[in-house]
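As C-alpha cells, the structure follows; a few thoughts come after it.
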Amino acid sequence: MKQNLKMLVLGGYGKTGQVFCRYLLKETPVTVIVAGRRLEKATEFVDTLKKEFSSARMTACYADASDKESLRNAFSGIDFVLVTATTTQWAQQIAETAIEAKIDYLDIYFQQTVYPVLEPLQHQIEQAGCCFITQAGFHPGLPAAYIRKGADYFDRYDKAIVAFVMNFRLERSDSIYELVDAVADYHPEIYQNGQWRLGTYQDAIEIDYGPRFGVRSSLPIDMVEIKSLPEKLVQRQD
C-alpha cells in the first residue's frame, strides 16, 4: 500500500461512514478524512475517533456533493474517495470530480440507476489512470462475486441462487426515501432457459436463513451486476 495514503470518506459521520472510518483506522495505515456538508458533525466525529485511537490519522473536511467546487476543494491532495453518503442524485458529479482530480473511487450505492450513469465515464476513468468500483456493498456487490466464485467448483453450472435477509433500522429520512424509490421501481429479471425474463412476486421462493431469521419467503430483485454473468460463465466453460 502506498505510504501516507489519504482516503476521504464522503458521508463519513453517517452510520455507515462511521463503520468504514473505524475499520480503516484499525486495519490500515491510511489517513482518514471525514467529509460531509455538515462540518460540525464531521469535526465532532473526528474528536470521538481521536479518543478511540491513539493516532492523529484523522481529520474533518467540508464537502457538499451538490456543489462541484466544494468537491474539487475536498478532493485536492487526496488519493481515494469512498462514498458512503446517500447522494445518488449527485453520483455523476462526484465521479466526474474524482476523475478530474485523478483519484480512485469506490461507492456502496444500492440503487440500480447508478451504473448506467457511471458506465459512460469508463473511457475517461481509464484515461485518467483511475480505479473506479461502484455498488461495492453487500447489496449489490457480493452476489455476483459469490456466483463467479461458485463457478470455480463446478464443471456445469445450471442454477445459482444468492439470497440475503436484513434486519436493521433506518434512522435517516434520506435512506428511507431511497429504499421506497427502489421498491416502487420494482422490475427484477430472472435468467431462465437461456434468456432473461421479467420476475414477479409469483417467483418468490422459501429460503432457510438459519436460527436467527428462520425460513422466509424471498423475492427476486434487480441487479445490474449479474446481467453479464451468463455470457461470462459460458465463455469460461468453453
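The values are calculated or read from the model by the stated rules, or taken from the named source; none is laboratory data. Predicted, not measured: the structure shown is a model, and the values here were computed from it. Every residue, glycine among them, receives a Cβ derived from its backbone with ideal geometry; neighbour counts consider all protein chains shown.
The residue that is surrounded by the fewest Cβ atoms within 10 Å (Cβ to Cβ), counting only those in the stretch 201-211 that are assigned to a loop (DSSP other than H, G, I, E, B) and without any contact (Cβ under 8 Å) to a residue 12 or more places away in the chain, is P211.
Where helices (runs of 4 or more DSSP H) sit wholly within the stretch 56-163, those with at least 3 residues that are at pLDDT 90 or above and of a type in the set (S, T, N, Q) occupy 91-101, 122-128. Within the stretch 220-238, being under 17 Å from K159 (Cβ atoms), out of contact with any His (no Cβ under 9 Å at 6 or more places or on another chain) and not in a helix (DSSP H, G or I) holds for P220, K227. Within the stretch 21-53, the set of residues being buried (at least 20 other Cβ atoms within 10 Å of the Cβ) and closer than 21 Å to I94 by Cα comprises C21, V32, I33, V34, A35, G36, A42. State all residues of the stretch 193-210 that are more than 26 Å from the chain's Cα centre (by Cα) and among the polar types (S, T, N, Q); if no residue qualifies, say none. The answer is N193, Q195, Q202.
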